[in-house]
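The block underneath contains the structure these notes are about, expressed in structure tokens.
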Amino acid sequence: MCGIAGFADFSNRSSPELVKQMAAALPHRGPDGQGEYFHAGAVCQVGLGHRRLSIIDLSTSANQPMHYDDLHLIFNGEIYNYNEIRDELIRLGHTFQTHSDTEVILHSWRQWGEKAIDQWRGMFAIVLFDEKNNKLIAIRDRAGVKPFNYFFKKGIFLFGSEFKALMAHPAFEKTINHDAVASFLQYGYVSSPHCIFNDTFKLPAGHLLQLDLSTQALAIKQYWNVYDYYNKPKISISLPDAINETEKILTESFQYRMVADVPVGVFLSGGYDSTCVTSLLQRNSTEKIKTFTIGTTDNKLDEAPFARQIAVHLGTDHTEYYCTAKEALDIIPDLPYYYDEPFADSSAIPTILVSRLARKQVTVALSADAGDEVFAGYNRYDYISRYGDKLRSIPKPFRKIAAATMERVSSESIPWLRNKSNFHSRYDKLKNLLNDPSPSELLKNLSQVFTAKEIDSLLQKQIVPLSTLHTSTELKQEYYDALSFMMAVDYQTYMVDDILQKVDRATMSCSLEGREPFLDQKIIEWTAQLPSDYKYHEGQKKYILKQIVHKHIPKEMMERPKMGFGIPVETWLNHELKELVLENLGTATLKEHGLFNEEVVNKLCLDFFAGRKEKYLKIWYLLMFQLWYKRWMN
């Protein structure tokens, strides 16, 4: 795991020193070394900067930027099957100076060009400067585990793993994209390919960018698409055989994530996903797998005892730590630094805590994220399966009449229910669903915190909704079912922009490499073609995954309500963080940028502190934006 940064400057106003400054902005991503390359060409200057966290081939010969013939490379991530590719290249006549996967990328690109990507199993953000053909090429992995952000304006192209690297170059313009602010308020993140800044973008997952340095022409193309697998006939296989074959694919993919020349561990929460990773790895290991769990002193939210029970059963080398509320709260002021784009997922806090715990013993940690997107684990999949058809079965005229009635009757006027937690937001969501009970509308209502109507009243400027994959229509009608639709959308949106961004920044905050074993392409390419009722089976989410886990862990040990490490945001906002809320959401502070309608924000705060608990997420989102603005825009 590393950090990359650099530029192609067609105005020739950059310098080797600026490459150093951009790379130096990412010390947490690579504490083991920094390297730069600067090329003053006939048409532009090219700068490549790298921060190294040594994982494979710890020698200095594997430092980056790395060069081969007229190719120059910087790379963030891992190619897990690099040894197999290396052996094939040796048979083809290549010789190697290192034992690194970085050198394998260079040689495979020279041998096969873009077709080399088909062979790479891993996570990566790669930048290649092809000096001979005068092209700068960037490639992001299929799932989007590794970030790649870029800015292109007035003859300068800047890129980096994090925005702070771009900000280190004087040509970067920090002007806010108002439409992106709206996206953040809806989802808690800015949806790809957009960014909070104008003229700045995220390279989408599974895409390749090519900048022609002779003409400044920028071309982006997709080399892998999850819909290519959802848009295939379902595999004809029995459920027992599907379970056995899935276990084989998982085992191989998980084993690849153990490839390293440094200690490796696993985040173990005690849920099905992390237990699956741990159990399959421990079964195939002669040594005890290192596992790590963060506990909380709130028994209602604490899964640490269950994780410990599983660790004992599997025989792992287990470490747990019980954090205090103060330790968790102390992380909040640092969130805007590591998440240098507005980000509101509060589970970033425990992810940072468990990363710090693991980093004391290992340099690589496996996380079990994406099990929900791959195996149908979210509650929203439950809702669409249980209630979607029922809503759609109501004749349209009756639905429209009911929605119109709810439009005229305020939720505030309904006795008893108006005092129930979340009643008002659920009332609005039901009203929207009665108007349109389609899977896309259900997904939107279950995903968004601020509705489009609320954003219109909150933001001072009129916004244009961003074009994102939330509204994808790529799933072909002949392969369409509501579950497949929602899972495919989540795989390309929520997973990339929330889950993977959260884990990347949290692990990198303490120079820990995070790996995502469920995101090997072989897994999703297989599960996308399985019948949906194998994943959501007879009302049970993640059915196949659960059956695999039950082979290794007693069923009664696993079957309990899922809790997770709960962050009591609602309570904090009312007590420990109240002064922070009042300061940052007050009129004087809001006037600094003029983005929000001060009366609307004031009403939100008054309602929340008066007992309207369901508004806490809206307050949290606004607070996270304000703290980000204070850190990066003032």
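Against the numbered list (1) in contact with a helix residue (DSSP H, G or I) (Cβ under 9 Å, 6 or more places away or on another chain); (2) modelled with pLDDT of 95 or more; (3) farther than 22 Å from TYR378 by Cα, SER214 comes up short only at (1). Criterion applied to GLY47, GLY93, GLY30, GLY77 was being of a type in the set (Gly, Ala, Ser), surrounded by 18 or more Cβ atoms within 10 Å (Cβ to Cβ) and without any contact (Cβ under 8 Å) to a residue 60 or more places away in the chain, and the one residue passing it is GLY47.
Cβ separations smaller than 7 Å between residues 6+ apart or across chains give the following pairs from the stretch 237-256 residues that are touching a residue at least 40 places away in the same chain (Cβ under 8 Å) to residues that are in a loop (DSSP other than H, G, I, E, B) and surrounded by 15 or more Cβ atoms within 10 Å (Cβ to Cβ): ALA242/LEU530; SER253/ASP520; TYR256/TYR80; TYR256/ASN81; TYR256/ARG121; TYR256/ASP520.
Checking GLN501, GLN521 one by one, the residue that is closer than 26 Å to GLY265 by Cβ, in contact (Cβ under 8 Å) with a residue 40 or more places away in the chain and in the same structural domain as ILE349 (by TED's automatic domain parsing) is GLN521 and no other. Of the residues making up the stretch 230-265, those that are farther than 30 Å from LYS202 by Cα, outside any helix (DSSP H, G or I) and of a type in the set (Gly, Ala, Ser) are SER236, SER238. Selection of the stretch 205-229 for residues being touching a Lys or Arg at 6+ places or on another chain (Cβ under 7 Å) and either in a loop (DSSP other than H, G, I, E, B) or without any contact (Cβ under 8 Å) to a residue 40 or more places away in the chain (or both) yields ALA205, GLY206, LEU213, TRP224. Look at (1) crowded, with 23+ Cβ neighbours inside 10 Å; (2) among the aromatic types (Phe, Trp, Tyr); (3) assigned to a loop (DSSP other than H, G, I, E, B); (4) more than 17 Å from the chain's Cα centre (by Cα) and you find that PHE159 fails only one, number (3). Given the structure, is ASP57 farther than 17 Å from TYR37 by Cβ, assigned to a loop (DSSP other than H, G, I, E, B) and either within 28 Å of the chain's Cα centre (by Cα) or hydroxyl-bearing (Ser, Thr, Tyr) (or both)? When the stated conditions are applied, ASP57 passes them. Give the residues of the stretch 451-461 that are modelled with pLDDT of 95 or more and buried (at least 16 other Cβ atoms within 10 Å of the Cβ), sorted by residue number. Matches in the stretch 451-461: ILE455, LEU458, LEU459. Would you pick out the residues in the stretch 33-44 that are surrounded by fewer than 18 Cβ atoms within 10 Å (Cβ to Cβ) and touching a Gly at 6+ places or on another chain (Cβ under 9 Å)? Once the filter is applied, which keeps residues that are surrounded by fewer than 18 Cβ atoms within 10 Å (Cβ to Cβ) and touching a Gly at 6+ places or on another chain (Cβ under 9 Å), the stretch 33-44 yields only HIS39. Go through the residues of the stretch 277-285 one by one and say whether even a single one is touching a residue at least 12 places away in the same chain (Cβ under 8 Å), surrounded by fewer than 19 Cβ atoms within 10 Å (Cβ to Cβ), more than 16 Å from VAL549 (Cα to Cα) and among the charged types (D, E, K, R). No, the stretch 277-285 contains no residue that is touching a residue at least 12 places away in the same chain (Cβ under 8 Å), surrounded by fewer than 19 Cβ atoms within 10 Å (Cβ to Cβ), more than 16 Å from VAL549 (Cα to Cα) and among the charged types (D, E, K, R).
All of LYS146, LYS115 fail the test of being in contact (Cβ under 8 Å) with a residue 40 or more places away in the chain and either in a helix (DSSP H, G or I) or not assigned by TED's automatic domain parsing to the domain that holds GLN626 (or both), apart from LYS146. Checked against the criterion of being farther than 28 Å from PRO263 by Cα and of a type in the set (S, T, N, Q), the candidates GLN97, GLN21, GLN64 yield just one match: GLN21. Those helices (runs of 4 or more DSSP H) of the stretch 532-634 in which at least 3 residues are under 28 Å from the mean Cα position of the chain (by Cα), touching a residue at least 60 places away in the same chain (Cβ under 8 Å) and surrounded by 15 or more Cβ atoms within 10 Å (Cβ to Cβ), considering only elements entirely within it, cover 532-535, 543-550, 616-632. Can you find even one residue in the stretch 381-389 that is modelled with pLDDT of 90 or more, within 24 Å of the chain's Cα centre (by Cα) and assigned to a helix (DSSP H, G or I)? For the stretch 381-389, residues modelled with pLDDT of 90 or more, within 24 Å of the chain's Cα centre (by Cα) and assigned to a helix (DSSP H, G or I): present. Scanning the stretch 254-276 for residues that are surrounded by fewer than 21 Cβ atoms within 10 Å (Cβ to Cβ) and small (Gly, Ala, Ser) gives a single hit, ALA260. Scanning the stretch 387-406 for residues that are loosely packed, with under 11 Cβ neighbours inside 10 Å and either in contact (Cβ under 8 Å) with a residue 12 or more places away in the chain or under 30 Å from GLY271 (Cβ atoms) (or both) yields a single hit, LYS390.
The values are calculated or read from the model by the stated rules, or taken from the named source; none is laboratory data. Values in this document were obtained by computation on a predicted structure and should not be read as measured data. With ideal geometry, Cβ positions are generated from the backbone for all residues, glycine too; neighbour counts draw on all protein chains shown.
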